[in-house]
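The values are calculated or read from the model by the stated rules, or taken from the named source; none is laboratory data. Please read these numbers as outputs of a predicted model, since none were measured by experiment. Heads up, the Cβs are rebuilt from the backbone with ideal geometry, glycines too, and the neighbour counts pull from every protein chain shown.
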Amino acid sequence: MDPGSIPGVASKFKISVLQNGRKTMRARQGIGMTGSDDSAALFDRAASCRKQGRPHAALRIIDLLLQRHPGMAELWGERGAILMDLGDHAGGLESFRHAIAANPQNATYHNLAGVCLQAMGRPDEALASYDRAIALDPMLAEAHHNRGTIAGEKGQLEEAVANYDRAILARPDFVQALSNKGHALLHLGHPELAIDPLDKAIALEPGLALPRLTKALCHLTLGQYDKGWPLYEARTASPGAVTLPELARPVWRGAESLAGKTLLIHAEQGLGDAIQFCRYAPLLAQRGAQVILSVPAALVRLLDGLHPAVSVIPDTDPFPPSDFHTLLLSLPLALATDAHDIPAGAPYLRAQPERIARWARAIGRDGYRIGIAWQGDPASASDPGRSIPLHHFAGLSNIPGVRLISLQKGPGVEQLHSFAAKIETLGQDFDSGPDAFADTAAAMQNLDLVITCDTAIAHLAGALGRPVWVALKHAPDWRWQLRRPDSPWYPTMRLFRQARRGEWRSVFGEIEAVLVQDLN
């Protein structure tokens, strides 16, 4: 999981609104105090309402003041800020434009107009607003930072880091810029460089979950599990967090005896995560626990049979009684998993014999049979850069004796229309039922090799102990670490990595060369 990818987490670059930590608007200073005019008192009341979480009341007062002072930039600016609080970015933008018309030299109004435009999905216009803000105030840290967030969302990570550096130069204690710089460096493939800005962000705001989670991913990517697992618990407090259900039973942390106890484990994140980490359930059963593993309903059949003392139930069912419960990806911490004792034995999942026989007949024994998958879930925050255009795989079919067999389901299958003569499919009934991967697991038992991008298919092949090659983007998910050609999680897996971000040609050139060598 990556910070933006955890359900939760951190992958989103957060824009910044306030200037130098001060209240953006100072309207009261511009309101007359003469005669019976109570404008200043009304503005104070609006500020108090906003502070109390009553933005609608604050807005009514500001609108009243604007009837008296229609040309006052500060009031328009305050109105825009209130509308932003309400999530009305179009209204906020209109108000900031009024403020700019009244005071075009105010850099903060241009920055805030950019924030609204960015939130409305108009990044190019937002950039223009940030640039105007910077031209007026080159040390406006928020505008530099917000430029960085747009670059980050476009995948222009080097430019994002440069913008965050300018923001940090203007304001060294800028927590968001420090945190986002660490995030960008991690996704540039430099987790070791990301740790310093993340440490600074954590020191400034120890309770902030996002930089702690990003730092966890840095340590996990580097294989420093003793440092990574404790910080990885921050995923439960990050934006879009993974949450442990509130149940009237204690959380199992690893120290409590499980002999004669029942432990309920909640799967989390994606299907691949459940497949990768379900290996821990039998270890807990060996400690004397009766284990209940709650997973997405589609995985129940696949994961059933892990161990006689492990019951697999759909997460749509009511939770049964238990003595303890925990999240699935908290188990490596609870069991103190380090780089040397990953429970990597495979296979720990098995396909159904009757399905294996069915797909043996359908696939046959001819040729060197390679199952391929090229696209993950495009809705996943962690997917950008993982999926691979199918045409990169098609060259493998030119190797004498090779058969390419599609294991792809859902998004991505439309690409097959261009390669119908080169890639075999397994029909409309393939994995068409309610059970995820039941047919895929059986088909894999009748294949010589699986080649895939970073999807649940990779985890399934590894869990079945099948030979699997995984093509990885330049800065992959933490579990694949850096540079190594193998995986400590799956002994039958080989990893092929991009040398440069977004460049798959050389990856498949290497795959083809290795395959030819292995076949000769």
Let me confirm something: among ASP63, ASP124, which residue is surrounded by fewer than 17 Cβ atoms within 10 Å (Cβ to Cβ), touching a residue at least 12 places away in the same chain (Cβ under 8 Å) and either of a type in the set (Gly, Ala, Ser) or not in a loop (DSSP other than H, G, I, E, B) (or both)?
ASP63
Does GLU142 satisfy the criteria of being surrounded by 19 or more Cβ atoms within 10 Å (Cβ to Cβ) and of a type in the set (Asp, Glu)?
yes
Return only the number of the condition from (1) surrounded by fewer than 17 Cβ atoms within 10 Å (Cβ to Cβ); (2) in a helix (DSSP H, G or I) that GLY71 does not satisfy.
(2)
Taking the stretch 227-257 and keeping only residues that are over 16 Å from SER330 (Cα atoms) and surrounded by 14 or more Cβ atoms within 10 Å (Cβ to Cβ), one is left with PRO239, GLY240, LEU247, ARG249
Name every residue in the stretch 146-178 that is closer than 24 Å to ALA113 by Cβ and either of a type in the set (Ser, Thr, Tyr) or surrounded by 24 or more Cβ atoms within 10 Å (Cβ to Cβ) (or both), in order of residue number.
ASN146, ARG147, GLY148, THR149, GLY152, ALA160, ASN163, TYR164, ALA167, PHE174, GLN176, ALA177
Going through the stretch 324-335 in order, the residues found to be farther than 15 Å from TRP478 by Cβ and either under 24 Å from the mean Cα position of the chain (by Cα) or surrounded by 22 or more Cβ atoms within 10 Å (Cβ to Cβ) (or both) are THR326, LEU327, LEU328, SER330, LEU331, ALA334
Kindly establish whether ILE399 is of a type outside the set (D, E, K, R) and buried (at least 17 other Cβ atoms within 10 Å of the Cβ).
no
Regarding TYR368, is this residue modelled with pLDDT of 95 or more and either surrounded by fewer than 18 Cβ atoms within 10 Å (Cβ to Cβ) or acidic (Asp, Glu) (or both)?
yes
Does the stretch 175-224 hold any residues that are more than 19 Å from LEU157 (Cα to Cα) and in a loop (DSSP other than H, G, I, E, B), and which are they?
GLU205, PRO206, GLY207, LEU208, LEU222, GLY223, GLN224
Residue satisfying condition, being more than 22 Å from PRO211 (Cβ to Cβ), of a type in the set (A, V, I, L, M, F, W, C) and touching a residue at least 24 places away in the same chain (Cβ under 8 Å), within set LEU157, LEU117, LEU186, LEU178
LEU117
